[in-house]
Each structure stands twice: as C-alpha cells, then as structure tokens.
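Just so it is clear, none of the values below were taken in a lab; they were calculated from the coordinates. In this text, all values refer to a predicted model and were calculated from it rather than measured experimentally. Positions of Cβ are generated from backbone atoms using ideal geometry, with glycine treated the same way; all protein chains shown enter the neighbour counts.
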Amino acid sequence: MSQLLLPAIRQLIATSSISSTRPDIDQGNREVIDLLAGWLEDMGFDCEILPLPDAPHKANLIATLGKGSGGLVLSGHTDTVPCDESLWSQNPFKLTERDNKLYGLGTCDMKSFLALAMEAARGLKPEQMKQPLIILATADEETTMNGVRQLVNLGRPKARYAVIGEPTNLQPITMHKGIMMERITLTGQSGHSSDPSKGRNAMDAMHRVMTELMMLREEWKTQYYNPGFSVPVPTLNLGCIHGGDNPNRICETCVLEYDVRMLPGMESDVVRHNIRKRTEPLARQLGIAFDLSPITQIIESFVSQPNSPLVEACEKLTGHSSASAAFATEAPFLSKIGMDTLVLGPGGIAQAHQPDEYIGLETIKPTIEILRDLIKEFCLTETGKEK
C-alpha cells in the first residue's frame, strides 16, 4: 500500500458531494471528479470528463489506461447520501481512524473504492496493457442515477467486463431486483356526504383498485420465484395514500403511491401494463378519472451473464460464492451498454447510509489484491479481449 492511498481517501471524504431529491441540500460532484481526473492523469490515464447535460456542476469521468475494444471497468459513484452531523461521533467530512476503522461519509459507500482502484493500478504503464483498464466515476447514483443513464445514452464506456465496487463485504453480487415507484391518481366529483349519489367518491374507487393490486401481488407469488433472493418473490408495497379533505364531503381526489420490486426476467413495461389493465377499468366503471404515472425513473432488475469468466474469477479470488442483493445498483445500466457486470466491493451495506459510516482497515489490502489480480487477468493478458 502506497503512502498516497490514505491521503487520497481523506481528500475525497473532505470534498462534499451530497446528492438529494431536495434541491436545497443537493450538491454537485464536480470537485470530486476533478480531483480524480488530476490524480489519474498523473498516473498516465487518458481522462474524459462528461458533464450532465442539464446539470454542468455534475459529471461522469471515464479514465482509460491502454487501448483496445475489451478490457475491464472498475466503477464507483462519487456522490453520497445526506447526513445529519449531530448524529455522528465525529466530523463526517474528516477521515477519522479509530478501532481499526476509517470513519467518514462515503468511506463505505463508496468513495474509498475509487481510491483503492487507483491504488491497484498504480505503477501500470499504457504500453503494458493488452486491453484497457477503465476507472469510471459516476454522478447522482444515490438519487436519479442520471450519471449512468447519460452513459447508456452515449453507449460508453466500451469494455468487456465491469466491476462496481458497492459494499458487498467482498462477496460477488450477480443479481438484484429492479425497482419501480408509481402513483395512481383517481379523480371523481365532490359533494355533500348526506347524498352519495350526488358525487363520485374517489376513495371508494381506490378501495377497489387497492384490492385488485393485492390480488395481483398474490398472483405474482405463483408466477415468479427465484430462490437466490432472501425474499424470493416480487413485492408490491402500498406505501402511502392521500385523499379527501373533510369527513362530510364526498372524496374528489385520492392518490396512492406504491413500489414494485421486480425479479430478473420481469420487464417493467409489462408490469406497468398489467397494473393498468387490472385497475383502470375499475375506476372507469365508477365514472372516476384514472392516471398512472412514475414517481421516479425505473431501475431494472439485474443478473450477470451466464458462464461469466468475470464471475468465475471473482469467486475464485474472494473465496465466496455469488449471491444476490436487496439493494439496487448501476449494474443493469452497465450491462445494457454491453459489459459483463457484477458488484463487488469492500465494506458492508449495513454501514452505508448510517451515522458513523466506516470501512474496516482489514479490508483495504485484500481489496487491492483482488483488484490487481482482476487487472492482471483481464487487462494484462488476452483474456479481456472483446470477442
């Protein structure tokens, strides 16, 4: 481990890059991107900074060492979740070493991984590379995933393999569920509650809609099953409902918000179509206007490619069999670009998004060794060549 690693982690943690759905606390990540680009250029990487079209203070970084059409991507997001500093035992933006742990916002999720990827590549020269090594740093993973969505639109970067360094306790993650969050809005006609016939009650209609959604949820349990997940069936959660304004008025508007966690093999367009097909006619029969709209952009489910050399290599290097994750990542997006992708990184998801976030020092050396071995196999030999 070089003397540059901890200072790099320290500087990344000190550079705040919170992303949030609240505009008043949302920040850019450009300072982090510029830091990484400067360090990687000094290491011989060719660096390209790609600002997001509608948010120039946010950007992706594609840093490439070597040439070729295959190779390996080591990917990490540069943003963090917000934090309440009053709940922390120390300054979240100051790297603190205590009890064989490194504390700070982003130590686990996931700025440290980017520093470890640089450390694993330190000393490599472009002329050594049979296939390129690409260090990818993305924006806004914690909110919109607009950074990686931009990369999908560009069809970049091009490589054969990709490892996303989210915290998995160094266990290869080869599948996770997709997420869609949607809203159904029903609009009827208000009126005096003493004569229900004078209005059209949106809440009554929503009761029927919710019953239909629960029936659909039960049907999914018999249609879809994957024992690789701790919850082996798709889920539909009725998350929140708002309607009406007074007990003596017929409810004019009722809004239901829900989420669906889709197993691999379930297509979001089909899920949405089936929900609409089952619920909209119920509302129309009662003279209620129906609207189905997304709350957030969809994250599709993810599964690694079958018979993957990358999965085989990571299982061998880590000593862990592949597993599934309950959380979503950028993996389906990189997979859509055309890369054989998995998720593998130091630290545990239980430490992410928490006060006193940390990464254990004992994971630093094994992570660097695993990344160096992956670089050797997929960049310094012909194994990583695009077929």
If you place +1 on the Cβ of every Lys and Arg, -1 on the Cβ of every Asp and Glu, and leave all else neutral, what size is the dipole of the chain about its Cα centre, to the nearest 20 Debye?
-> 780 debye
What FRET efficiency, computed as 1/(1 + (r/R0)^6) with R0 = 41 Å and r the Cβ-Cβ distance, is obtained for residue 181 and residue 361, rounded to the nearest 0.05?
-> 0.65
Treating only the Cβ atoms of Lys and Arg (+1) and Asp and Glu (-1) as charged, compute the dipole magnitude of the range 229-387 about its Cα centre; round to the nearest 20 debye.
-> 440 debye
Once Lys and Arg are counted +1 and Asp and Glu -1 for all other residues with Cβ under 12 Å from that of residue 35, the total becomes -1
Let me have the relative contact order for the chain, percent, based on Cα pairs under 8 Å that are six or more residues apart.
-> 24 percent
Tell me, what HN-Hα J-couplings in whole Hz come from the Karplus equation 6.51 cos²θ - 1.76 cosθ + 1.60 at θ = phi - 60° for each residue of the range 177-184, using x for Gly and Pro?
-> 6, x, 9, 10, 10, 10, 9, 9
Along Cα→Cβ, 7 Å out, is where each label goes; now give me the distance between the ones at residue 246 and residue 230 in nm to one decimal.
-> 4.8 nm
What's the Cα-based Rg to Rh of the range 284-380, Rh via Kirkwood?
-> 1.15
If 148, 270 are placed from fewest to most neighbouring beta carbons inside 10 Å, the sequence is 270, 148
Take the Cα coordinates of the range 141-188, assign each an equal point scatterer, and use the Debye formula without solvent to give log10 I(q)/I(0) at q = 0.23, 0.31, 0.33 Å⁻¹.
-> -1.17, -1.21, -1.20
Among 340-349, 235-244, 314-323, the order from most to least packed when residues are scored by Cβ within 10 Å on average | 340-349, 314-323, 235-244
With springs only between Cα atoms under 10 Å, which of 137, 289, 313 fluctuates most in a Gaussian network model of the chain?
-> 289
For residue 122, put the label point 7 Å out on the Cα→Cβ axis and report which residues of the range 1-39 keep their amide N under 11 Å from it.
-> 1-9
Those residues of the range 322-340 whose amide nitrogen sits under 20 Å from the label point placed on residue 152, 7 Å along Cα→Cβ | 325-340
Rg ratio (alpha-carbon, reference 2.2 N^0.38 Å) - the range 178-294 | 1.18
Between residue 269 and residue 87, Cβ-based FRET efficiency (R0 45 Å, step 0.05) works out to 0.65
Take each of the peptides 78-86, 168-176, 109-117, 17-25, average the number of other beta-carbon atoms within 10 Å over its residues, and list them starting from the highest.
-> 109-117, 168-176, 78-86, 17-25
Which whole-number percent gives the relative contact order of the range 178-294, counting Cα pairs below 8 Å spaced six or more residues apart?
-> 43 percent
Expected 222 nm ellipticity per residue - DSSP helices of 4 or more, -39500 (n - 2.57), all of the chain, to 500 = -9500 deg cm²/dmol
If R0 = 25 Å, then residue 207 and residue 297, at their Cβ-Cβ distance, give a FRET efficiency to the nearest 0.05 of 0.30
Among the Cα-Cα pairs of the chain, the proportion with separation greater than 39 Å, in percent, is 26 percent
Can you give the relative contact order of the range 70-151 as a percent, counting alpha carbon pairs under 8 Å and 6+ residues apart?
-> 46 percent
